[in-house]
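Nothing in this text is a laboratory measurement; each read-out follows from the coordinates by a stated rule. Bear in mind that the values here come from a model prediction, so they are computed numbers and not experimental data. Quick reminder, even Gly has a Cβ in these numbers, built from the backbone with ideal geometry, and neighbours come from all protein chains shown.
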Amino acid sequence: MILIYTDTGTERLTYITQHIFDSILGIKSQICTDITVFKTSTEYKINYSDKDMDDIISIVPHSLLFEENITQQRIDISLYKKTPVCFQTKQFNEILPFDVFAACFFFISRYEEYLPHQKDKHQRYDEKESIAYQYHFLHLAVVDCWIKELALALKNKYTNIVFAERKYTFIPTYDIDSAYAYLHKGFLWNMAGGIRSFLRGDFKEIITRIEVLAGRKQDPYDTFDYLSALHQQYKLRPCYFFLLARRWSDYDKNINPSNKYFQNLIQQLNTLSDTGLHTSYYVKDNPQKIISEIASLQTVLQMPITKNRHHYLRFSLPDSYRLLISKGIKEEYSMGYVQTLGFRAGTCNPFLFFDLQNNKTTDLLVYPLVFMENALSDMQDPHEIVKYLLPYINEVKRYNGTFVTLFHNQSFKTGTEGNKWKTVYETLLPHLKIN
C-alpha cells in the first residue's frame, strides 16, 4: 500500500491518487493526515506537504487539489525528460520537479473545460482552446507518461515495490447515424431524395436508389457483414452506438426507431457486440429527449443501456455527464475531438468522471476517444492516413492503454471502387489488435 501524507485531505486528492495508484498502477493508496501515524508506518510512503521529512520522498503540493472553487489557473509548460509538464516545483527531496498529482488532476478532470472558453459552431468545446493543442502536445498521453515517471521514481526508492502489469486493449466502435442509405426510409423520403438527385443531375445515384429499393443491389450503407467478418478474423468485440432520435432533423437522420427492420438489425448485431446509445444532437439543448431514446433501445434489446456516445460529440461538462449518470449510464465514449486526433484528457486509459462543481467522484467511466475517421477526411491516400495514425497507436501501446476508434458504417459503403477507409482499416487492424 502507498500511504500519502497531507495536512488536509480533500476529495480532489483522494480522486487523483486512487486513479494513479489503485486504477493504473494497481496498488492500494490511502490518505493520511496524522503525521505520527505516517512517520511510524512501515508502508510505502509519499509526503504530499510543505514539510521537509528526511528520507521520505516528497511531492511538493500546488494549491489546486486543496481548492474547492474553479478558478483560472496559471499554466506554465516546460519540459522534463522531453515531456511537457506543468505545476512545476523545486524544493527539498521531491521525486519529480512538478506536482504530478495536480497536473494529472487538471487534465483528466477536464478543468479547462469549466473555465470561460470559445465554443465552436456546434456549441462544443473547441480543441484550439485546450492547453495541449496550444502547446502542441495533444498527440501525447502526458498523464500516462507522468504516472510512469512517478512509478519509476518510486521503484528507485523502494526496490521491492510491485505494480500491476496493464494490458493494451483495442475497442473498435461505430456510430450508426444512418443504418441504411435508402432502405426502410419510406416512399416519401426516397421520392424527395430522388428529386434532389435529379435536380443535381446525379443520375447514377438515382439508378442505385432504384436498384436497391428493387432488391437488385445491396444498400450502400449496409456494411455490417463486412465489419462482422473483420471482427471475427481479428477476434474483436466491437461496440455499436445507435442514433434513435424520434424526430428527423438536419443532424439526426437515422431510421425511425419503431421500424422493425432497424430493430432487427440492432438485435442481430447485439449478439456478437456491445451496444450503446448515440444520444441525438439536440439532447444537449433538450435533455428530456434522452428518456425516449433510452427507452427505445431498452425496448429493442430488453436490457439496461449502460453505454453512450453523443452525436457529433456534442456535450458539455458537467451537465451532459450528470444527465447520463441520472439515467443509469455507466460508460461514456465521447471524450475526443471531431476534427483533431489525440488525447483530449491527456490519457489513453479510462477514468472516472470527477464533477468539479460538486467536488465529487462519480461512477461514470470515461473512455478516451483517440481517433475519429472524420478528422482525416481531407486526406485521400490510405497509406498516408495509416502512416499518420501509427504514432498514436504506438503511444497507446507504450502505456498499455486502451485504443478506441470511431468509424461510421457508411465510411465503408459498398459499391465504391477503391474505398479508402476499407484500405485504411484493413491495414490498421494488424497494428491495432491485442499483442
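If a spin label sat at a point 7 angstrom from the Cα of Glu165 along the line to its beta carbon, the backbone N atoms of the range 19-37 nearer than 18 Å would be those of 24-27. Whole Å is fine, so just give me how far the alpha carbon centre of the range 372-435 lies from that of the range 276-327. Taking the Cα centre of the range 276-327 as reference, the centre of the range 372-435 is 27 Å away.
Legend: residue pairs Lys28/Lys235; Lys397/Lys433; Lys157/Lys397; Lys185/Lys330; Lys307/Lys422, Cα-Cα distance threshold 22 Å; pairs beyond threshold, Lys28/Lys235; Lys157/Lys397; Lys185/Lys330; Lys307/Lys422.
Of all GluC sites (Glu not before Pro) in the range 84-192, which ones are in loop regions per DSSP and have a Cβ with at most 14 other Cβ atoms within 10 Å? When the GluC sites (Glu not before Pro) of the range 84-192 are filtered for loop state and at most 14 Cβ neighbours within 10 Å, Glu165 remain. Using R0 = 45 Å, the C-beta based FRET efficiency linking Glu426 and Arg74 works out to 0.45. Mean-square fluctuations from a GNM of the chain, with a 10 angstrom spring cutoff on Cα atoms, peak among Thr42, Thr173, Thr223 at Thr42. Subtracting the Cα-Cα distance of Ile434 and Asn419 from their residue separation scaled by 0.36 nm leaves 2.9 nm. Sites listed here are GluC sites (Glu not before Pro) in the range 361-427 whose DSSP assignment is loop and whose Cβ has at most 15 other Cβ atoms within 10 Å: Glu417. Looking at the range 227-270, the trypsin sites (Lys or Arg not before Pro) that sit in a DSSP loop and have at most 16 other Cβ atoms within 10 Å of their own Cβ are Lys235, Arg246, Arg247, Lys253. If R0 is taken as 25 Å, the Cβ-Cβ distance between Ser326 and Thr10 corresponds to a FRET efficiency of 0.50. Counted by neighbouring Cβ atoms within 10 Å, the residues Ser41, Ser63, Ser296 run from fewest to most as Ser63, Ser41, Ser296.
Each Lys or Arg adds one and each Asp or Glu subtracts one; over the other residues with Cβ under 15 Å from the Cβ of Cys348, this totals +4. Remark: Met372, Met53 ranked as Met53, Met372, counting other beta-carbon atoms within 10 Å and listing the fewest first.
Angle, helix 224-234 long axis vs. longest principal axis of the chain, Cα atoms, 0 to 90°, nearest 10? Tilt relative to the chain: about 40 degrees. Ordered by the count of other Cβ atoms within 10 Å of each Cβ, fewest first, Thr271, Thr6 give Thr271, Thr6.
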